[in-house]
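Report on one structure; see the data block that follows.
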Amino acid sequence: MAAAVHKARELFHHGSHGDRKNSDGKKSLSKQESRDLEEEKHQLMEYEEMKRPLSPSQIHEDHGRKMVGHSSHVLRQEDFELVKTLGTGTFARVWLVRLKNTAKGDQNKVFALKILRKVDVIRLKQVEHVRNERNVLAGVAGHPFITTMVASFQDHDSLYMLLDYCPGGEVFSYLRRARRFNEPTSQFYAAEIVLILEFLHEKEGVAYRDLKPENILIDAEGHLKLVDFGFAKKVENRETYTLCGTPEYLAPEVIRNTGHGTAVDWWAFGILVYEFLVGQPPFWDQNPMKIYEQIVEGHVRYPSAMSSEARDLISGLCNVDTSKRLGNISGGAQRVKSHPWFGNIDWDALYNRRINGPIVPHLRGPADTRNFDEYEPEGSQREAYTREMAEKWDDYFKDF
């Protein structure tokens, strides 16, 4: 069943530029650009060495001064060795990369590089989503449980986001192998997600809108990292109407198209906790329309083995009425954190990663890719990004 659910999700879910040249006929760097590039590389290595979480106030206030989340005007794709594809989408490919020509001992400092071809982003009408993703990731860079966008950059053809590498792979893979997580494991992961949603909603005014196990990775120490912010949107206190997400995790107000805000994430969080504990989501059918009918009805069936505290939490989160939904009512995320199901969680120790993760991946080293699938090589047939397209669209990509 879990594999079928995963497959159905995949089928549904589609959801100053590179002038530098070298001896191949490309323009070379000026002395100042060379110095800036070396400084940038040094900072990347320094960040990779430290990698400590910033406090919520540091993340929120220091957008311009943070070591991470910035737009780089000197980094280019040719500064990186592309080691292996970690994932592909309809308009993006994510690579494991390391910086070229690094000092001895730095070869194991690796990153994930998300490459988005401008032509595909435009053709698939993803310009706004891509801009949202870059800007939201810049705003939240440094959070302990959100993938860190270290830097973004671009060249004539492509957009790039340099991200933390999470060698543990998807939480979904561990859930599928275990069939279900026990209560302590579920509580640990759920608590880290509460801290993510609290920050996104209350500090940044951002609705994530695609919470599911496939978008949560496990890092080398066994902590979660939320990835894929393509549907994330700064909504503040406004409502938005875009239909996006994954069928089993959609909130009723999204299906009804009555306007939605950050409350959709608390609904999806309830579905996620249920899936952690049971092994499959509460609303499921081969036909997405049947799933939508079940969701709008909002009747969750609980296994007899599920604890009363877990049932109470999920029923509070999966309330069809947003004015009564836990997380969206007065008190916000704090009401979720103070729920009895989270009674054993030390929230401060958790945020600062002083508690060990329940599943620590077995790794041969920092660049181990055993937890990621093999992918076909990239096709050589590519549509050109023309001068006319650049004149029309490049201004949209200026934040990169």
Residues being in a loop (DSSP other than H, G, I, E, B) and either aliphatic (A, V, I, L, M) or not assigned by TED's automatic domain parsing to the domain that holds Glu48 (or both) - total across region 143-159: 0
Filter result for Pro377 (surrounded by fewer than 18 Cβ atoms within 10 Å (Cβ to Cβ) and farther than 30 Å from Asp120 by Cα): no
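Criterion first (modelled with pLDDT of 90 or more and closer than 30 Å to Arg238 by Cβ) does Gly343 satisfy it?
Judged against the criteria, Gly343 is not a match.
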Residue that is assigned to a helix (DSSP H, G or I) and either at pLDDT below 95 or not β-branched (Val, Ile, Thr) (or both), where the choices are Arg176, Arg180: Arg176
Given (1) surrounded by fewer than 16 Cβ atoms within 10 Å (Cβ to Cβ); (2) at pLDDT 85 or above; (3) under 23 Å from Leu137 (Cα atoms), number of the condition Lys100 does not satisfy: (3)
Test result for Val235, of a type in the set (A, V, I, L, M, F, W, C) and at pLDDT below 90: yes
Residue count for region 75-126, restricted to those that are part of a strand (DSSP E or B) and small (Gly, Ala, Ser): 3
Near pairs, Cβ below 7 angstrom, 6+ apart or cross-chain, from region 39-53 (basic (Lys, Arg) and part of a helix (DSSP H, G or I)) to any residue that is surrounded by 12 or more Cβ atoms within 10 Å (Cβ to Cβ) and at pLDDT 70 or above: Lys41/Leu99
Only one of Glu248, Glu275 that is assigned to a helix (DSSP H, G or I), of a type in the set (D, E, K, R) and at pLDDT 95 or above: Glu275
Failed criterion for Ala305 (all others in (1) in a helix (DSSP H, G or I); (2) among the hydrophobic types (A, V, I, L, M, F, W, C); (3) within 26 Å of Ile359 (Cα to Cα) hold): (1)
The one condition in (1) touching a Leu at 6+ places or on another chain (Cβ under 8 Å); (2) assigned to a helix (DSSP H, G or I) that Thr185 fails to fulfil: (1)
Set Ala220, Ala190: member being in a loop (DSSP other than H, G, I, E, B), over 25 Å from His73 (Cα atoms), more than 13 Å from the chain's Cα centre (by Cα) and not assigned by TED's automatic domain parsing to the domain that holds Leu75: Ala220
Candidate set from region 72-91 (those that are out of contact with any helix residue (DSSP H, G or I) (no Cβ under 8 Å at 6 or more places or on another chain) and small (Gly, Ala, Ser)); member that is modelled with the lowest pLDDT: Gly89
Every residue from region 234-266 that is within 19 Å of the chain's Cα centre (by Cα) and charged (D, E, K, R): Lys234, Glu248, Asp265
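The values are calculated or read from the model by the stated rules, or taken from the named source; none is laboratory data. Computed from a prediction, not measured in an experiment: that's the story for all the values here. Methodologically, a virtual Cβ is constructed for each residue, glycine included, from the backbone with ideal geometry; neighbour enumeration extends over all protein chains shown.
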